[in-house]
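To start, the structure itself, in C-alpha cells.
Where a number appears in this text, it was derived from the coordinates with a stated rule and is not lab data. Please read all numbers here as calculations on a predicted model, not as lab measurements. Cβ atoms come from the backbone with ideal geometry, glycine included; neighbour counts cover every protein chain shown.
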Amino acid sequence: MKIVYACNSPLAGVSPRVARLIHDCFKGEHEARLLIKNIGPFGWYLQERDGYQLKQYSITKKRDVDKCLEWADVIHCNANVSARTMGRPDLIKKKVWVFQWHGAQIWPFERVWEPRDYRHVKFAHIGQGWNRDKFFKTFNLRLLPNLVSIHDEIHQPLEFDKREEKVSFSPSTTSSDVVNKKGVDEVKRACKDVHLEVIHRVTFEECMRKKRVGVLGIDEVVTPYYHLSGLEFLSQGTPCVCSHDQFTSDILKEATGSETVPFLNAEPNNLGDLVRSVLTDKDLLRSVGEESRNWMEQYYHPVDILKRYLDYYRE
C-alpha cells in the first residue's frame, strides 16, 4: 500500500511520525510519503537511520502535490487538508481519502469538504477525550490514536538512578485562551516548592531528551484530556500526572483495550499535594515508571496501532 500523509502545519509531528513508523514497522510491505508545508521542530523523523530517510514533499508546490497524489493509494489528510484544499477534487472518487481531526476545534467545515464529498471520505479522530462535541457524531468517526515511536532511542527509559529529582512539563502552548490550553500558570503555582522544568520552544529531540531525565512528568491538569506529551512520558518509563474523567477512560479503552488508565489523576487544586507526596517515595516512582513503560509495550505498541490505521484504509 502506498500512503501519503498530508498536513499544512507541524501539528505535533503527527504526519512525519506516522509516515516514518510505516517504514519502521512494515518495511517492504507498505510505503509512505510526507506531504507538508513546514515540519517545524520535528526534523528528528527526517534523519537518515538504518539506511532509510523519509521522503518529504511540499504541499505548497503543485508539482509535488500532483506527484504524491497520483502515486498514492491512500491519502491521509490531517487537520485542515483535503482533496479540495490541494486542488484535486477530481481524485475524490478515485483514491482512498481519510480525514482526521486532532482536537476539538471546529472551523467552517465547508472550507475543507463539501457535503457531496462525505460518502467518499473515511473520517477519523485521535480521541484522547477530545471527541465530545455532538458535531463529530454525524461523521461516523473511527478512533485512530496518535502514535508514539516507542523504540526510538529518545523514547526509551533512562535508568532511574541516572535521573534528576525534577518534575518535567512540556506544554505545546503557554496560552490560556486556546482550545488546547495546558494550564501553565496552574502547574507553576502547584509546583512552586519543587524542581519544575517547563520545556518549551525547543526542538522535538531536545524536548524528549530533557523529559527523559526527570522522575515525574505532568501532561496537563486543566482539562480531562490526555495528550502526546503524556504518552511520551509513559514510553520513557516516567510516571505521569494527567487529569481524566470517565469519558476519557472509556475513549482510552476503545483506543487500546486497556481497562486501566496509566496516568496519575490530579486537578489544579490537588496537584501540588500529589507531586510532593510521590517525590518522597523513590520506590513508588521507580515501580510506577516501569509499569508505565510496560503499559505502552502492551497496549500502545506502534505496530498494533498502525494495524488499525491500515485496516481502516482497506475497508
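Angle between the Cα long axis of helix 62-71 and the longest principal axis of the chain, 0 to 90 degrees, nearest 10? So the helix axis and the longest Cα principal axis differ by about 90 degrees. Cross-link partners among lysines for Lys253, C-alpha distance below 25 Å, same-chain residues fewer than 8 apart left out? Leaving aside lysines fewer than 8 places away in the same chain, those within reach of Lys253 are Lys122, Lys134, Lys137, Lys181, Lys182, Lys307. Could you give the angle, 0 to 90 degrees to the nearest 10, between helix 282-299's Cα long axis and the longest principal axis of the Cα atoms of the chain? The two axes meet at around 20 degrees.
Each residue of region 24-29 was assigned a 3J(HN,Hα) from its phi angle through the Karplus curve 6.51 cos²θ - 1.76 cosθ + 1.60 (θ = phi - 60°); the sequence is 4, 9, 9, 4, x, 9 Hz, with glycine and proline shown as x. Comparing Leu143, Leu69, Leu284 in a Gaussian network model of the chain where C-alpha atoms under 10 Å apart are linked, the largest mean-square fluctuation is found at Leu284. Counting only DSSP beta bridges whose two residues both lie in the chain, roughly 5 percent are antiparallel.
Considering only Lys95, Lys27, Lys211, the mean-square fluctuation computed in a Gaussian network model of the chain, springs between alpha carbons under 10 angstrom, is largest for Lys27. Candidates Ser172, Pro224, Ala19 compared by Cα position along the dipole of the chain: farthest toward the positive end lies Ala19, with charges placed on Cβ. Relative to the longest principal axis of the Cα atoms of the chain, helix 268-279 runs at roughly 60 degrees.
With no solvent and one equal point scatterer placed on each C-alpha of region 99-194, evaluate the Debye formula and give log10 I(q)/I(0) for q = 0.25 Å⁻¹, two decimals. Summing over Cα pairs of region 99-194 leads to -1.30. Which one of Arg189, Arg116, Arg33 has the biggest mean-square fluctuation once the chain is modelled by GNM with Cα springs under 10 Å? The residue that fluctuates most here is Arg116. Each of His151 and Gln298 was given a label point 7 Å from its Cα along the Cα-to-Cβ line. The distance between the two points is 2.0 nm.
Extension gain for the segment Glu267 to Asp193, taken as residue separation times 0.36 nm less the Cα-Cα distance, is 24.9 nm to one decimal.
Here's the picture: charge each Lys and Arg Cβ at +1 and each Asp and Glu Cβ at -1 in the chain, and of Tyr300, Leu46, Ala6 the one pushed furthest to the positive end of that dipole is Ala6. Along its principal axes, region 153-299 has C-alpha extents of 36, 35, 31 angstrom, given from the largest down. Report summary: the helix-based calculation at 222 nm, which adds -39500 (n - 2.57) for every DSSP H run with n ≥ 4 and divides by the residues of the chain, gives -10000 deg cm²/dmol. Working from the Cα coordinates of the chain, the gyration tensor eigenvalues give, after taking √(5λ), semi-axes of 34, 21, 17 Å in decreasing order.
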